[in-house]
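Student: Mind having a look at this structure? Questions to follow.
The values are calculated or read from the model by the stated rules, or taken from the named source; none is laboratory data. Quick caveat, the model's predicted, so the values are computed rather than measured. So basically every Cβ, Gly included, is an ideal-geometry build from the backbone, and we count neighbours across all protein chains shown.
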Amino acid sequence: MTLLRAEEIDKKFGGIHAVRNLNVSVDNGEIVGMIGPNGSGKTTFLNILSGIYRTDTGKVSFKNEDITKLPLHCIVEKGIARTFQNLRIFRNITVLENVLIGRHHLIKNSLLNVFFNPPLSRKIEKSAYLKAIEILELVNLEKQKNELARNLPYGKQRLLEIARALMAEPNLLLLDEPTAGMNPTEADALCDFLKELKAKNFALFVIEHNMKAIMSISDRIIVLNAGTKLKEGIPKDIQRDKQVQEIYLGKED
Amino acid sequence: MKKNKNIMAIILAVALSFLVPSIVKNYYWLGIFNLILMYSILGLSLNLIFGFTNLLSVGHAAFYGIGAYTTAILLTRYNFSFFPALILSGLVAVFFSLILSISTSRVRGDYFTVITIVFGEIFRLVMQNWVSFSNGAVGIVGIPAPQFFSWRIISEKDFYFLGLVIFWFTYITLNLLVNSKFGRAFIAIREDELAASAMGVHTVMYKILSFSIGVFYAGLAGSYYAVYNTAIAPSSFTLDESCLIIIMIVLGGIGNLTATIPGVIIMLVATEAFRPLYHYRLLMIGLIMVVLLVRYPYGILGIFNKITSMRKKYIYRKV
Amino acid sequence: MFTEVLIVGLSLGAIYALIAIGYSMVYGILKLMNFAHGDVYAFGSFICYMLLVKYNFNPILSIIIAMIIGGLLASIVEILAYRPLRAPEYRNISMISALGVAYIIQNTSENIWSRQVHFFPSIVSNPFVSIFGIKVPTTQYLTLGIVILVVGGLNLFLKHHKIGKAILCASQDIPAASLMGIPINRTISIVYLLGGMLGVIGGVLYASSYNVLSISMGFSGTIVAFEASVFGGIGSINGALLGALILGLLHSLVGFYISTAYRDVITFAILIIVLLVRPKGILGRYVEEKV
């Protein structure tokens, strides 16, 4: 079943045509990878999917609902959560507080409860806390839950960002270069983790530059070049494709 | 569990604070405590707005003033009794704050700050010039003492108890707020507005909420001031008063409610100590502002600095 | 009568432009609301006053010296109070620092020259001058002329001179400009220097036109600069000019037809409306944050 469908996505920034007429879909429980040289529009496209930019034309639908014009903060309620290329965790608060913010839209607490019914408020917050512990154990960060986010090693900060996204109980995770800055061991561990997520029926849309990683986890890969879809197919075919090799390595004379 | 220890500590603190007047009989000292209580309310409320949500409001004194004038007018001209006036003072302050927060919701935070400054000045000028309403620069005098059933609140000791009640109300409710999803949303907005939004936080709404709630307490403080001082004038609600409150919370530590109180105490002591140098008052305030911030951008006793120094060995330089 | 009000408004707007340009340029590059801007050029204007009135210097010389001192003061303030807080996470904190500087300068000026309103003599000897046989008030046309020269000159400077182009680059992207070899610190100092100097010219022209000079003009000048920038579009010199002219006309019209006491309240109300309807001002560009 198609979870996400992006049709005729087009985005210009002044003179720069970042994304041209792009059509992408992601099905339930599949991992779709997007690769392409720097500047090909991958992050722009992801930003459009997650509601940060609005596409000039076309439509984004999720679970058969049109989310094209949805404001940024409403996207996560629909079931899409994301991480950022340059890592946007909340640096000056603890790991636990970071993931709790990810749970924001699911914590059904109200101001009335906070001020007039503190015990109820505490109960609601407590259930969020328990979920946080569960997710933190999943990514192996439970022991560092009271550590300030900025003090974590880089690889764990990336995991934290994913954990924060998972707290929103999304159907689809948008990951922007999740292995960036990781050493091969960390990257492998992350790939295993992402495959575990797929087994738990999360759908993933992943932008990556790490070829080994993206080839090992993706069901399907989309190659973007200068804002347009150059190729789409299974990892094996993409790896062997001459055109894809050309855009990365240049033509053979 | 940690929560229970905190509750015990607060109950103890509340109990002890009510016993203070039995030990301290000197009215001068009780007066100092009353000032500390009042400025703590102002500091705590501004801490919510600036310390937690990163909305730099330099017009807090204006909302304090709106609260004061609301109570003063309701009590002297419309024969209101104090406690309804107290609540109304908070609400009227919130009403005016909405003008600011809604109009600046689409612009950068820097604009918001200047708008708060301009608003503060406009408030002071209007109170100074609209003589038929506010009695101009002379201000409103003869504000009657509050009455709670048979208890007339007149002496320093009476005002201490009144101030204490409002203070604990402020402190406890703000603590409940910041330890909930709302507090975390405010902090998320402070740390990274875009990421907060991507996590589902309706940043515009929460900023307005934070500002409105903070301003409510400022209105309460103003109401207290009106009956405590029995007279109010525009000259009490100046820009440098707003700056003083900012220094208090930066000194104590932004983002940390309890740390506000030492900040308040230190600045009140400092302003008393430097009273003979009245001509240089603004110079000193300015110097403190600049030197303090250039050296300790997140406050001296503040939560950031404390943790920085404790965990220095774990800090990595992240790209 | 109406044309009179208009001309007064325009020349007032021209003065405001001199004040607003420096403020807007600083914001354009550093996203800093320089609250000390007004007090810095007020200080410079007082230096001019002292030289002119107490020591009987030549008017042109007084203005030049005052301009240099004002510009230098602006640069020194930047180095001491703003540079350490230039990082984006210190945005709000740097504004508090700026407020602190404003107080320091204000208080120092107060203690030297007192809060009273001083009489500032006209710097032009003839109140009226004959242009093509028509008698026109000198100061107002002098003001307009100076502003046209300054804004025109600035536009050329920014487009064609090496330092001007450096300023434009820095206002787009500081790290990139720095990597291209542009000396950021020096460039920023020059921006502050220019802003201070222009502000002093504006302050002196104002004092000369209305024959008053007081410390409070500093803070109200900062507010004027901000309001002009909101109307015209912040970060842009031409925007500052446009906004300043509009503000000047507004002040003149409201002051004449309604009342001077509520001039500021009405301006504030209009400001709020502008922020609700068109926050980026008339010539403002909205720069999307790169994610």
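Student: Which residue pairs have Cβ atoms closer than 7 Å, lie 6 or more positions apart in sequence or on different chains, and pair a first residue in the stretch C:153-170 that is among the small types (Gly, Ala, Ser) with a second residue that is not in a helix (DSSP H, G or I)?
Tutor: Taking only residues 6 or more apart or on different chains, the pairs are C:Ala166/C:Ile182; C:Ala170/C:Ile182.
Student: State yes or no: is C:Ile47 modelled with pLDDT of 90 or more and more than 25 Å from C:Cys169 (Cα to Cα)? Step through it out loud before you land on a result.
Tutor: Working: modelled with pLDDT of 90 or more: yes; more than 25 Å from C:Cys169 (Cα to Cα): yes.
In short, yes.
Student: Based on this model, can you work out whether A:Ala132 counts as more than 8 Å from chain B (Cβ to nearest Cβ), out of contact with any Phe, Trp or Tyr (no Cβ under 6 Å at 6 or more places or on another chain) and in a helix (DSSP H, G or I)?
Tutor: Numbers: more than 8 Å from chain B (Cβ to nearest Cβ): yes; out of contact with any Phe, Trp or Tyr (no Cβ under 6 Å at 6 or more places or on another chain): yes; in a helix (DSSP H, G or I): yes.
Yes.
Student: I'd like the residue in the stretch B:118-143 that is surrounded by fewer than 16 Cβ atoms within 10 Å (Cβ to Cβ) and in a loop (DSSP other than H, G, I, E, B) and, out of all such residues, is nearest to the other protein chains (Cβ to nearest Cβ).
Tutor: The residue in question is B:Trp130.
Student: While we're here: A:Arg82 versus (1) over 16 Å from the mean Cα position of the chain (by Cα); (2) facing chain B (nearest Cβ under 8 Å): which is the lone unmet condition?
Tutor: Going through (1) over 16 Å from the mean Cα position of the chain (by Cα); (2) facing chain B (nearest Cβ under 8 Å) one by one, A:Arg82 breaks only (1).
Student: Something else about it: Within the stretch A:169-178, identify whether any single residue is part of a loop (DSSP other than H, G, I, E, B), facing chain B (nearest Cβ under 10 Å) and touching a residue at least 40 places away in the same chain (Cβ under 8 Å), and answer yes or no.
Tutor: Restricting attention to the stretch A:169-178, the residues satisfying the condition of being part of a loop (DSSP other than H, G, I, E, B) are A:169-171, A:177-178.
Now drop any that are not facing chain B (nearest Cβ under 10 Å), which leaves none.
No - not one qualifying residue is present in the stretch A:169-178.
Student: Next question, about the same structure. Residue by residue through the stretch B:149-185, note down the ones that are of a type in the set (A, V, I, L, M) and in a helix (DSSP H, G or I).
Tutor: Start the filter on the stretch B:149-185 by keeping residues that are of a type in the set (A, V, I, L, M), which leaves B:153-154, B:162, B:164-166, B:172, B:174, B:176-178, B:185.
Listed by number, the residues that qualify are B:Leu162, B:Leu164, B:Val165, B:Ile166, B:Ile172, B:Leu174, B:Leu176, B:Leu177, B:Val178, B:Ala185.
Student: Name the residue that is surrounded by the most Cβ atoms within 10 Å (Cβ to Cβ), counting only residues in the stretch A:95-144 that are under 19 Å from B:Val178 (Cα atoms) and basic (Lys, Arg).
Tutor: My answer is A:Arg103.
Student: Restricting attention to the stretch A:32-48, does a residue exist that is under 29 Å from A:Ile234 (Cα atoms), at the interface with another protein chain (Cβ under 10 Å from one of its Cβ atoms), within 18 Å of the chain's Cα centre (by Cα) and of a type in the set (A, V, I, L, M)? Can you show your working first?
Tutor: Here is the first cut: in the stretch A:32-48, the residues under 29 Å from A:Ile234 (Cα atoms) are A:32-48.
Subset that is at the interface with another protein chain (Cβ under 10 Å from one of its Cβ atoms): A:43-44, A:46-47.
Filter once more, keeping what is within 18 Å of the chain's Cα centre (by Cα): A:43-44, A:46-47.
Filter once more, keeping what is of a type in the set (A, V, I, L, M): A:46.
Yes, the stretch A:32-48 contains at least one residue that is under 29 Å from A:Ile234 (Cα atoms), at the interface with another protein chain (Cβ under 10 Å from one of its Cβ atoms), within 18 Å of the chain's Cα centre (by Cα) and of a type in the set (A, V, I, L, M).
Student: Turning to a different aspect of this structure: In the list B:Gly219, B:Gly214, B:Gly255, B:Gly263, which residue meets the criterion of being on the phi > 0 side of the Ramachandran plot and either at the interface with chain A (Cβ under 10 Å from one of its Cβ atoms) or touching a helix residue (DSSP H, G or I) at 6+ places or on another chain (Cβ under 8 Å) (or both)? It would help to see each step written out before you state the result.
Tutor: Values: B:Gly219 fails: on the phi > 0 side of the Ramachandran plot; B:Gly214 fails: on the phi > 0 side of the Ramachandran plot; B:Gly263 fails: on the phi > 0 side of the Ramachandran plot.
Answer to the check: B:Gly255.
Student: So which residues in the stretch C:51-68 are assigned to a helix (DSSP H, G or I) and either on the phi > 0 side of the Ramachandran plot or free of Cβ contacts under 8 Å to residues at least 40 places away in the same chain (or both), if there are any at all?
Tutor: Correct list: C:Leu51, C:Lys54, C:Ile60, C:Leu61, C:Ser62, C:Ile64, C:Ile65.
Student: I'd like to know if the stretch C:166-174 contains one or more residues that are small (Gly, Ala, Ser), at pLDDT 85 or above and more than 30 Å from C:Ile123 (Cα to Cα). Working first, answer last.
Tutor: Kept after step one, since they are small (Gly, Ala, Ser), are these residues of the stretch C:166-174: C:166, C:170-171.
Okay, now just the ones that are also at pLDDT 85 or above, so C:166.
Still in the running and more than 30 Å from C:Ile123 (Cα to Cα): C:166.
Yes, that holds for at least one residue.
Student: Could you grab the pairs with beta carbons closer than 6 Å, sequence gap of 6+ or different chains, first residue in the stretch A:103-116 and without any contact (Cβ under 8 Å) to a residue 12 or more places away in the chain, second one buried (at least 20 other Cβ atoms within 10 Å of the Cβ) and among the hydroxyl-bearing types (Ser, Thr, Tyr)?
Tutor: As it stands, the answer is A:Asn113/A:Ser121; A:Val114/A:Ser121; A:Val114/B:Ser180, since those pairs meet every condition given.
Student: Between A:Lys108, A:Lys123, which is in a loop (DSSP other than H, G, I, E, B), farther than 11 Å from A:Arg164 by Cβ and among the charged types (D, E, K, R)? Spell out how you get there, then give the answer.
Tutor: Values: A:Lys123 fails: in a loop (DSSP other than H, G, I, E, B).
A:Lys108 is the lone residue from the list that is in a loop (DSSP other than H, G, I, E, B), farther than 11 Å from A:Arg164 by Cβ and among the charged types (D, E, K, R).
Student: Answer with yes or no whether A:Ser25 is of a type outside the set (Lys, Arg), more than 14 Å from every other protein chain (Cβ to nearest Cβ) and more than 17 Å from the chain's Cα centre (by Cα). Break it down stepwise before answering.
Tutor: On the way: of a type outside the set (Lys, Arg): yes; more than 14 Å from every other protein chain (Cβ to nearest Cβ): yes; more than 17 Å from the chain's Cα centre (by Cα): no.
For A:Ser25, the condition - of a type outside the set (Lys, Arg), more than 14 Å from every other protein chain (Cβ to nearest Cβ) and more than 17 Å from the chain's Cα centre (by Cα) - is not met.
Student: Looking at A:Ile222, A:Ile214, A:Ile247, which is the one that is under 23 Å from A:Phe193 (Cα atoms), in contact (Cβ under 8 Å) with a residue 40 or more places away in the chain and touching a Leu at 6+ places or on another chain (Cβ under 9 Å)? Write out each step before concluding.
Tutor: Details: A:Ile214 fails: touching a Leu at 6+ places or on another chain (Cβ under 9 Å); A:Ile247 fails: under 23 Å from A:Phe193 (Cα atoms).
Answer to the check: A:Ile222.
Student: Continuing with this model, one more query. Just need a number here: residues in the stretch B:97-106 that are in a helix (DSSP H, G or I) and either free of Cβ contacts under 8 Å to residues at least 60 places away in the same chain or surrounded by fewer than 16 Cβ atoms within 10 Å (Cβ to Cβ) (or both).
Tutor: Of the residues in that region, 4 qualify.
Student: Sticking with this one: Criterion first (in contact with a Pro (Cβ under 9 Å, 6 or more places away or on another chain) and not in a helix (DSSP H, G or I)) does A:Ile221 satisfy it?
Tutor: Details: in contact with a Pro (Cβ under 9 Å, 6 or more places away or on another chain): yes; not in a helix (DSSP H, G or I): yes.
So A:Ile221 fits the description; yes.
Student: Tell me which residues, restricted to the stretch B:184-203, are more than 9 Å from every other protein chain (Cβ to nearest Cβ) and out of contact with any Lys or Arg (no Cβ under 7 Å at 6 or more places or on another chain). Give the derivation first.
Tutor: Restricting attention to the stretch B:184-203, the residues satisfying the condition of being more than 9 Å from every other protein chain (Cβ to nearest Cβ) are B:186, B:189, B:193.
Listed by number, the residues that qualify are B:Phe186, B:Glu193.
Student: With the condition being touching a His at 6+ places or on another chain (Cβ under 9 Å) and touching a residue at least 12 places away in the same chain (Cβ under 8 Å), I'd like the strands (runs of 3 or more DSSP E) fully within the stretch A:1-48 carrying at least 1 qualifying residues.
Tutor: Values: elements: A:2-13, A:16-27, A:31-35.
Passing ranges, in order: A:2-13, A:31-35.
Student: A further question on this structure: Residues being surrounded by fewer than 24 Cβ atoms within 10 Å (Cβ to Cβ) and either part of a helix (DSSP H, G or I) or modelled with pLDDT of 95 or more (or both): count how many of those fall in the stretch B:248-266.
Tutor: Number of matching residues: 4.
Student: Sticking with this one: Would you pick out the residues in the stretch B:192-232 that are free of Cβ contacts under 8 Å to residues at least 60 places away in the same chain, surrounded by fewer than 22 Cβ atoms within 10 Å (Cβ to Cβ) and more than 18 Å from the chain's Cα centre (by Cα)? Explain how you work it out, then say what you get.
Tutor: Applying the first criterion (free of Cβ contacts under 8 Å to residues at least 60 places away in the same chain) to the stretch B:192-232 yields B:192-203, B:205, B:209.
Filter again for surrounded by fewer than 22 Cβ atoms within 10 Å (Cβ to Cβ), leaving B:192-194, B:202-203, B:205, B:209.
Those that are free of Cβ contacts under 8 Å to residues at least 60 places away in the same chain, surrounded by fewer than 22 Cβ atoms within 10 Å (Cβ to Cβ) and more than 18 Å from the chain's Cα centre (by Cα): B:Asp192, B:Glu193, B:Leu194, B:His202, B:Thr203, B:Met205.
Student: Any residue that is closer than 22 Å to A:Gly41 by Cα, touching a residue at least 24 places away in the same chain (Cβ under 8 Å), within 10 Å of another protein chain (Cβ to nearest Cβ) and not in a loop (DSSP other than H, G, I, E, B) - is there at least one of those in the stretch A:53-74? Explain how you work it out, then say what you get.
Tutor: Residues of the stretch A:53-74 that are closer than 22 Å to A:Gly41 by Cα, as a first pass: A:53-62, A:67-72.
Still in the list and also touching a residue at least 24 places away in the same chain (Cβ under 8 Å): A:53, A:55-62.
Narrowing further to those that are within 10 Å of another protein chain (Cβ to nearest Cβ): A:53.
Checking which are not in a loop (DSSP other than H, G, I, E, B) leaves us with none.
Within the stretch A:53-74, not a single residue is closer than 22 Å to A:Gly41 by Cα, touching a residue at least 24 places away in the same chain (Cβ under 8 Å), within 10 Å of another protein chain (Cβ to nearest Cβ) and not in a loop (DSSP other than H, G, I, E, B).
Student: Is at least one residue of the stretch B:72-94 of a type in the set (A, V, I, L, M, F, W, C), at pLDDT 90 or above and closer than 20 Å to B:Thr53 by Cα? It would help to see each step written out before you state the result.
Tutor: In the first step, residues of the stretch B:72-94 are kept if they are of a type in the set (A, V, I, L, M, F, W, C); the result is B:72-75, B:80, B:82-83, B:85-88, B:91-94.
Applying the additional criterion that residues be at pLDDT 90 or above yields B:72-75, B:80, B:82-83, B:85-88, B:91-94.
Still in the list and also closer than 20 Å to B:Thr53 by Cα: B:93-94.
Yes, the stretch B:72-94 contains a residue that is of a type in the set (A, V, I, L, M, F, W, C), at pLDDT 90 or above and closer than 20 Å to B:Thr53 by Cα.
Student: A follow-up question, please. Would you confirm, using the coordinates I've provided, whether C:Ala81 is at the interface with chain B (Cβ under 9 Å from one of its Cβ atoms) and of a type in the set (Gly, Ala, Ser)?
Tutor: yes
Student: So if I check each of C:Ala228, C:Ala240, C:Ala207, C:Ala244, which one is in contact with a strand residue (DSSP E or B) (Cβ under 8 Å, 6 or more places away or on another chain), outside any loop (DSSP other than H, G, I, E, B) and either touching a residue at least 12 places away in the same chain (Cβ under 8 Å) or over 25 Å from B:Ile102 (Cα atoms) (or both)? Show your work before the answer.
Tutor: Details: C:Ala228 fails: in contact with a strand residue (DSSP E or B) (Cβ under 8 Å, 6 or more places away or on another chain); C:Ala240 fails: in contact with a strand residue (DSSP E or B) (Cβ under 8 Å, 6 or more places away or on another chain); C:Ala244 fails: in contact with a strand residue (DSSP E or B) (Cβ under 8 Å, 6 or more places away or on another chain).
After applying the criteria, what remains is C:Ala207.
Student: With the checklist (1) of a type in the set (Val, Ile, Thr); (2) under 20 Å from A:Val19 (Cβ atoms); (3) more than 16 Å from the chain's Cα centre (by Cα) in hand, flag the one item A:Ile222 doesn't pass.
Tutor: Result: A:Ile222 fails condition (3) only.
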